[in-house]
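Working notes, structure below.
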Amino acid sequence: LQVTGNLYLGVACLATGDYRQAELLLGKVLQLLDGDRSRERFGLPGFPAVMARAYLTWILADLGRFEEGIVHVEDGILRAETLGHPYSLASGCWILAYLHIVRGELDGALGLLERGLALSREWTLTFYSVLNTASLGYVRALSGQIAEGLPLLEQALRALESMGLRLFQPLVLVYLGEAYVLADRLDDAHDCATRALALAREGGQRGHEAWALRLLGEVATAHEPPERATDHYRDALALAAELGMSPLVAHCHLGLGNQYRRTGGSQQAREHLETATTMYRDMGMPLWLTKAGHETETPG
């Protein structure tokens, strides 16, 4: 009961953006699973010794503590492989790919997602098949393969809606909205952002709410008055900072810096871009560090 209760409550806290409490609860699960207990399922679909490590990695990815997260999930993946348990292995692969996506390591995510999707299809793990499809579509879109990525994201969103699984819809809507921005389909992107924001707020998913607000800023930058984009970025920044979501905080500073560059606020632009650059460097996010550095060097 302690293992199950702490695991489920930890996942609930993760979903609501209470990362500190979620980390404590999932750490408690690992403390309870010393020795031979780590090889028990306790009646759950996945081995708690694997699932707790995977969800801890999700937390650490959102907080920008990537190296800690990699250690946890790689341990979990090794355990799942040793136990020969596809469900647990699929969980570990998808969440490690999620970490690589947040960090900006798209090549690292791609192989994991292809492995996870093949595994999910082989064992009819519908839930993880949908999540891997969505993440794969997102990675392809970010890598410039927008025509290949969009159908995968749209397919995944339809599947989540048909399953009635609201928990992951805001995340996939944000992914799809970003892909629409890249495709210059701004009305579709705005629709995704507003739907993601509404679902996140209805479900109390504050982390996804922050990502949706940042997406609204990205959309507004392209075709709305400057102050609208600034307001969205600031709202996203405030919530992300409250929750400790350092990668998202850095993205918001980057967005605000770009916005101030466009509107002539050179001093404010410099401050936000320098903050983003420092944060990306400290967290080890080289792709995003390059983008922030480029914006800092490019004249307004």
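The values are calculated or read from the model by the stated rules, or taken from the named source; none is laboratory data. Quick caveat: nothing in here was measured; it's all calculated off a predicted structure. When we count neighbours, we look across all protein chains shown, and the Cβ atoms used for this are built from the backbone with ideal geometry, even at glycine. Remember, those area values only see protein heavy atoms, side chains included, never the ligands or the DNA or RNA. Shrake-Rupley method; radii C 1.70, N 1.55, O 1.52, S 1.80 Å.
About the Cα centre, and with charges only on the beta carbon of Lys, Arg (+1) and Asp, Glu (-1), how big is the dipole of the chain? Nearest 20 debye, please.
Computed about the Cα centre, the dipole is about 400 debye.
Could you work out [θ]222 nm for the chain from helices alone, using -39500 (n - 2.57) per DSSP H run of at least four and dividing by all its residues? Round to the nearest 500 deg cm²/dmol.
-27500 deg cm²/dmol
Provide the packing ranking of 42-49, 150-157, i.e. peptides ordered by the mean count of other C-beta atoms within 10 Å per residue, highest first.
150-157, 42-49
Can you tell me the 0 to 90 degree angle between the C-alpha axis of helix 19-32 and the longest principal axis of the chain, rounded to 10?
20 degrees
Once you put a point 7 Å from the Cα of E81 and another 7 Å from the Cα of T126, both along the Cβ direction, what distance in nm separates them?
A separation of 3.0 nm, rounded to one decimal place.
Enumerate the whole-percent occupancy of each 5 Å bin, from 0 to the last occupied one, for all C-alpha pair distances of segment 71-213.
Values per bin, smallest distances first: 2, 11, 19, 22, 21, 15, 8, 2, 1, 0.
Can you pull a Stokes-Einstein diffusion coefficient for segment 136-198 at 25 °C (0.890 mPa s), Rh from Kirkwood over Cα pairs, as a whole number of µm²/s?
Rounded to a whole number, D works out at 217 µm²/s.
Can you give me the P(r) profile for the chain? Cα pairs, bins 20 angstrom wide beginning at 0, each as a whole percent.
Spelled out bin by bin, the chain gives 34, 57, 9, 0 percent.
Give me the extension gain from Q21 to F42: residue separation times 0.36 nm, minus the current Cα-Cα distance, reported in nm with one decimal.
5.3 nm
Quick check for me: using +1 on Lys/Arg Cβ and -1 on Asp/Glu Cβ, what's the dipole size of segment 1-122 about its Cα centre, in debye to the nearest 20?
In total the dipole reaches around 300 debye.
Counting only Cα, what are the radius of gyration and maximum Cα-Cα distance Dmax of segment 127-170, in Å?
10.1, 31
Can you give me the angle between helix 146-163 and the longest principal axis of the chain, using Cα atoms only, in degrees from 0 to 90, rounded to the nearest 10?
50 degrees
Can you compute the modelled spin-label distance between A12 and R201, with each label point 7 Å from Cα toward Cβ, in nm?
For A12 paired with R201, the spin-label model returns 2.4 nm.
What percentage of the solvent-accessible surface of the chain, computed with a 1.4 Å probe over protein heavy atoms, is contributed by carbon and sulfur atoms?
C and S atoms contribute 52 percent here.
Can you work out the accessible area per residue across the chain, with the rest of the protein chains kept in place, probe 1.4 Å, in square angstrom?
On a per-residue basis, 43 Å².
Using a 10 Å cut-off on Cβ atoms, rank the peptides 53-61, 137-145 from the highest mean neighbour count down.
53-61, 137-145
What per residue convex hull volume, in Å³, comes out for segment 148-300 when only alpha-carbon positions are used?
112 Å³
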